[in-house]
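Structure, as structure tokens:
Any read-out appearing in this document is the output of simple, stated calculations on the displayed coordinates, not a laboratory observation. From a predicted model like this one, the values you see are computed outputs, not experimental measurements. In this analysis, Cβ positions are derived from the backbone assuming ideal geometry, glycine residues included, and neighbour counts consider all displayed protein chains.
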Amino acid sequence: MANPTGWKPTMENDAKPGAAAPTGAGLGGATRGLVYEEPLLFEHGSRGRTGVSLPPAPKDYDPAQEIPAALLRGTVEGLPELSELEIVRHFTRLSVWNHGIDTGFYPLGSCTMKYNPKSSEALARLPGFANLHPLAPPELAQGALELMYQLERALSEIAGFDATTLTPAAGAHGELCGLMLIRAYHEAKGNPRKKVLIPDTAHGTNPASSALNGYAVVQLASGPDGRLHPETVRAAMDEDVAAIMITNPNTLGVFESNIAEIAEIVHAKGGLVYGDGANMNALLGVARPGDMGFDVIQYNLHKTFATPHGGGGPGSGPVAVKAALAPFLPLPVVVKEGETYRLVTDVKERPRTIGRLREFWGNFAMFVRAWALVREYGPEGVRATGELAVLNANYVRARLKDTFNLPYETASLHEVVFDDKHQQAAGVTTMDIAKALIDQGFHPPTIYFPLVVHGAIMIEPTETESKETLDGFVAAMKAIAEEAKTDAAAVKAAPVRPVRARLDETRAARKPILRWRPGMKVE
Ligand SMILES: *Cc1c(COP(=O)(O)O)cnc(C)c1O
């Protein structure tokens, strides 16, 4: 056999006729070239092949004797046996099937998929940070503790709060933490409450975090302008409401301009105002939630502060609070005493703490990256981030608003939500448009969220994209809208260029095959 590893190189454009010509904007010329069909690791290699070279075992050596009999299995059949080169090629090929922020534009609304600077990566890999053991005594970890202390102060200042915990591992974990603080606050007053108010534009994690804290969720309808209105809040507000959870700007990209009045209504009845800070990118350096009446917010460092999202590393969801909530913050807390830093880990020192949310200090390498970004940008750079993020979203909005329907005319901040109303007549849906974008070399935007918009297409360019990239994206979106008019079937057949075309997403979600078994057949 000429091709022992089983991969099949194909010329992508020859192999898949019928694709709409890409605008070439997404990946430039990179959408042409070799595409490999990649078998599973188990389907590579051959018996006896190995990727390591070890000296042969002594003749009378029997490894089975070193393992307790109870743990010994019979023979294990069907494990892959591969050379080092086969393994390297396998994983390298798989890695280029994926689309990442380093490959191309990734305009997922609400997710803030911005560039992760390589300088931050280099700092996070400094041996003193990367190799520091989480149980190292504080005298050997002064630099790391100082960095945490400074980041906590910077995050408190940027959002206008008194104290911040870096512990939570993601945005949703931050929400959970924030609501635990709110619950502890009400319980400490001897007044546990039962409900949390959440507008209909909210991210699904908001009701989930409330429910996990034992609260009933009361959904509030936003107005025709996409905003929450004071009278809606007033009607729902009573002394059983622990908090309202608001994302500002909300997930329509619309600024909740009634926020100060809403906060007053909630505070007047003893409730607290929780801010879902996932959209902080829009406000950076320009406005502070702490000045708008929020009592607590979570940050998403992997969104706002350019730390990796997903595959590149874990998330991080610091929570910033007003002084009234500070005694309840989780452990550990970094404190500065004179010129020395220390971690408070003992409940006796913080009797009202909600306790520990996770092991050790949080996702420390993310703190290094976020700290590096804040220090590199400084106040002007932080402000420019917010301003450019809003400018970029509004540029996309202005250039696409005659092609795609804008369900809410209200001004956009850092993201813009369209829908598929203009394309529906041709039978082309948001899903089809998203799939067609893949052929153009772009990651699709967030779709079908927020739920208040039927067929939502939610685009968040972030500040890190150039005008050329945005122009390329706009050209691709317009080309798809044009094709929807002339050849709807072609749009509905997209994507045809990637290694895997349109997948059965329902089946993938309902019947996932997560484990390979010898001899298994997947049709
Ligand atoms: C991303 C996001 C969250 C959840 O954050 P994770 O870090 O993914 O857990 C919550 N709310 C909004 C509005 C978001 O965009």
Scope the stretch 425-460; condition in a helix (DSSP H, G or I) and in contact (Cβ under 8 Å) with a residue 24 or more places away in the chain; matching residues: THR430, ASP432, ILE433, LYS435, ALA436, LEU437, ILE438, ASP439
Residue check, PRO107 touching a strand residue (DSSP E or B) at 6+ places or on another chain (Cβ under 7 Å), within 16 Å of the ligand (Cβ to nearest atom), more than 30 Å from LYS322 (Cβ to Cβ) and of a type outside the set (Val, Ile, Thr): yes
Among the residues of the stretch 130-171, write down those that are touching a residue at least 60 places away in the same chain (Cβ under 8 Å), farther than 23 Å from GLU376 by Cα and part of a helix (DSSP H, G or I). PRO138, GLY171
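In the stretch 150-203, what residues are hydrophobic (A, V, I, L, M, F, W, C), closer than 12 Å to PRO330 by Cβ and either touching a Lys or Arg at 6+ places or on another chain (Cβ under 9 Å) or within 16 Å of the ligand (Cβ to nearest atom) (or both)?
Taking the stretch 150-203 first, the residues hydrophobic (A, V, I, L, M, F, W, C) are 151, 154-155, 158-159, 161, 163, 166, 169-170, 172, 176-177, 179-182, 184, 188, 196-198, 202.
Okay, now just the ones that are also closer than 12 Å to PRO330 by Cβ, so 163, 166, 169, 176-177, 180-181, 184.
Across the stretch 150-203, the qualifying residues are ALA163, LEU166, ALA169, LEU176, CYS177, MET180, ALA184.
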Restricting attention to the stretch 297-336, the residues that are within 12 Å of the ligand (Cβ to nearest atom) and part of a helix (DSSP H, G or I) number exactly 4
Considering the stretch 204-242 alone, what residues qualify as being in contact with a Leu (Cβ under 8 Å, 6 or more places away or on another chain), away from the ligand (no atom under 16 Å from the Cβ) and either among the hydroxyl-bearing types (Ser, Thr, Tyr) or farther than 26 Å from GLY109 by Cα (or both)? TYR215, THR232, VAL233, ALA236, MET237, VAL241, ALA242
Taking the options PRO518, PRO512, name whichever one is farther than 20 Å from GLY427 by Cα, assigned to a loop (DSSP other than H, G, I, E, B) and free of Cβ contacts under 8 Å to residues at least 40 places away in the same chain. PRO512
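Rundown of residues vs (1) surrounded by 24 or more Cβ atoms within 10 Å (Cβ to Cβ); (2) in contact with a His (Cβ under 6 Å, 6 or more places away or on another chain); (3) outside any loop (DSSP other than H, G, I, E, B), yes/no style:
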{"residue": "MET245", "(1), (2), (3)": "yes, no, yes"}
{"residue": "LEU252", "(1), (2), (3)": "yes, no, no"}
{"residue": "SER257", "(1), (2), (3)": "no, no, no"}
{"residue": "ILE265", "(1), (2), (3)": "no, no, yes"}
{"residue": "VAL273", "(1), (2), (3)": "yes, no, yes"}
{"residue": "ASN279", "(1), (2), (3)": "yes, no, yes"}
{"residue": "LEU284", "(1), (2), (3)": "yes, no, no"}
Meets criteria (without any contact (Cβ under 8 Å) to a residue 40 or more places away in the chain, more than 14 Å from the ligand (Cβ to nearest atom) and not hydrophobic (A, V, I, L, M, F, W, C)) for THR340: no
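Please go through the stretch 337-355 and pick out each residue that is assigned to a strand (DSSP E or B) and exposed (fewer than 13 other Cβ atoms within 10 Å of the Cβ). If you could, list the steps in order and put the result at the bottom.
Filtering the stretch 337-355 down to residues assigned to a strand (DSSP E or B) leaves 337, 340-344.
Selection gives GLU337, THR340.
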Scan the stretch 295-307 and report the pairs whose first residue is under 8 Å from PRO318 (Cα atoms) and whose second residue is outside any strand (DSSP E or B) and among the acidic types (Asp, Glu), with Cβ atoms within less than 7 Å and a gap of 6+ or a chain change. GLN298/GLU175
